Structures are given as structure tokens and as C-alpha cells.
Amino acid sequence: MKWYVFTILAPAFLLSQPSQRSTSGTSIYDPNGNAISAGDSQQVVSKDGSSSVQTLTTLNGIAAPLERVEEKVISKTETSKIVERVVIPYDTNGNPGQARKIVTTERKNADGSTSVEVSSYRADLNGSFALGEKELKVTRKTGADTSAYEKTVVRSTLNGEEVVERQVGNVVATKTSSKEDVAIERRDLNGSLQPAGRLLVEKLEKDGSVKETTTTYAQDGIQLQLAKQTISETKTTKDGSSVTKVDVFGTNTPGRYDSGGLQFREQQIIEKASGAGGDLKEVFSIRRPTLDGGNVLGPVSKISERNCTGQCNNP
């Protein structure tokens, strides 16, 4: 059985608020290059929140809800903002499942730091919400162009709340460049936080283009091993259209001999063409290395295309 996905957003409380509206249709392409409709979506977003219902439709025209999402701003002051997002999934028979609630709290603290707390709750059979996971990120300025942050991930277990991950990052940011160095620790079987990896992100803006390099290291015993790297470059024109090329490197490439170290896996291409009134056309394609070896790229394969009319700033 084949399914199509589309989204309908028509919340009554949004109709009285200034809102952004858009309608989009998405197509995916099979290996032969034939376009297959992947559904349509209508989006309405206001400054106070949004509401959506995602529905699956079969070729027989039978529609069944897949997911309902409601998001609203609980409170907003000069120093804080709280946003609540409730997600209700449905099974293939249209029966609602256990709801999830995500509460995001942003604060400007008295000591000059900023904090972002994301708490995820899951409803039980009685409809009561219990905390499942909480992320807290606190950022402090350490200089004119530098800052540092600490992020902890806490999960609820039978033994209470336990810290399962900790990230410590240092950021150097100017108007045209930034560098971020993140050390990652995770909880081991003995309950202690141990080094688990490192993440380096470098960004540079120059001559109308943005280049970003993300390098991931994984902990192997007492040493860090290079695990993955992506290098992206985005060029934007005056009308807002852009082309992004992302080169993806991994520890091995499917179908090719593993010679060790990072190998070129694929190039992703995202083309965005802006139209009048906020319209947008987005095409996603990939190119993969040929089996002859080296970094010689094969032909471009189109994966998907999305055409959006209206105010399409929200993906």
C-alpha cells in the first residue's frame, strides 16, 4: 500500500492573528527519474503559535491522521520566553497515541549569561505528563568575540534523574567568521561521564558565499578518531536564491574498497529559487563518486523538489 503525506494547518485561534500562509507541493524521484507526488501542505504561522494536522492518504483516497502538533507561546517578557509544543501521533486506524509535550524556556540571567532549557514530557494512559528528558544549555560571554557554554542532558530513570551527556563548547565569532570547539562526554555503564567525542565547526563568509566545515571525532579508548566531515558552501544572489553544495566524507564508502581514513561519500546539492511574494522552489539532488576510485563524481540525481507559494520563509 502506498501512502502520501500532506499537512493542513487551520487553527481557529490563528485566524485573528497576523499570520504567514503558504502552500507547497513536494515530489520525490524514483531511480528512473520519474516524479512521484509526496503530498501537499498548507502552513499558517503567527507570532503567538501554530497548529497543524498531518494526514496520510492512500491511493484509494482514504485519509487518516498521522500527527497533530500545537505550538503556543506561554509567556514572554524582556528576559524570558516559554514556548509549549504538544505532539499527538495517530496509528493507521486514526486512533491517537501517547502525546508528547516539549517546553522550551529561554532566559537572560542576572549574571549576563543566557540559558535555554528544553524539557520533553510523555503522557501516560491517564493523560498525565511525566518528564522524560531535559536539556539545559548555559552560555556566557568570555570576551569581545568569545563565549563558552555548557550543555547537559538529563533523563528520567527508575533511579531518578541522571545526567547522560555533557557538552562543553568554546566559540569565537566575528562578523564574517566563527569557530566552535565542543568536547562531548557521555555516561558509561558505571554511571560516570567519560570522553565520547569532539566536534569542530568553522564558518566563513566571503564574497557573497558562506563556507562551513563540520568535523566529528569519536572517542576510541584514550584517543580521538576522525569519524566524519562535511564541507558546505552556499552562494546567494541578490534576489534571495541560493545554491548549497555539501561534500560528505565518512570512514567508508558503500561499494568501494575501504582504504582507511575519511573517504568522499557524496555531494548534496540544494537549490533554492525565490519568486515573487515569497514563493520558493527547492530542489535537492546528490552526486556520488564513481566506482573507478578517486573523487570523480558521477551524474546528478534529483531526489526531491518542493514548490511553495505564499510566505515560504518557514520550512
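Values in this text are rule-based calculations from the coordinates and carry no lab data. The structure displayed is predicted, hence computed values, not measured ones.
The figures follow:
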{"read-out": "Over 30 Å (Cα to Cα) - which of Lys72/Lys151; Lys134/Lys206; Lys101/Lys175; Lys134/Lys238; Lys101/Lys203 fall in this group", "value": "Lys134/Lys206; Lys101/Lys175; Lys134/Lys238; Lys101/Lys203"}
{"read-out": "The range 184-288: C-alpha gyration tensor shape, a/c 1.5 cut-off, then a/b vs b/c", "value": "prolate"}
{"read-out": "Over 19 Å between alpha carbons, listed pairs Lys272/Lys302; Lys76/Lys108; Lys228/Lys302", "value": "Lys228/Lys302"}
{"read-out": "Hz values of 3J(HN,Hα) by residue in the range 271-284 - Karplus curve (6.51, -1.76, 1.60), Gly and Pro given as x", "value": "10, 10, 10, 8, x, 5, x, x, 4, 8, 10, 10, 10, 10"}
{"read-out": "Cut-off under 5 Å, modelled amide H: who pairs with Ser241 long-range", "value": "Ser274"}
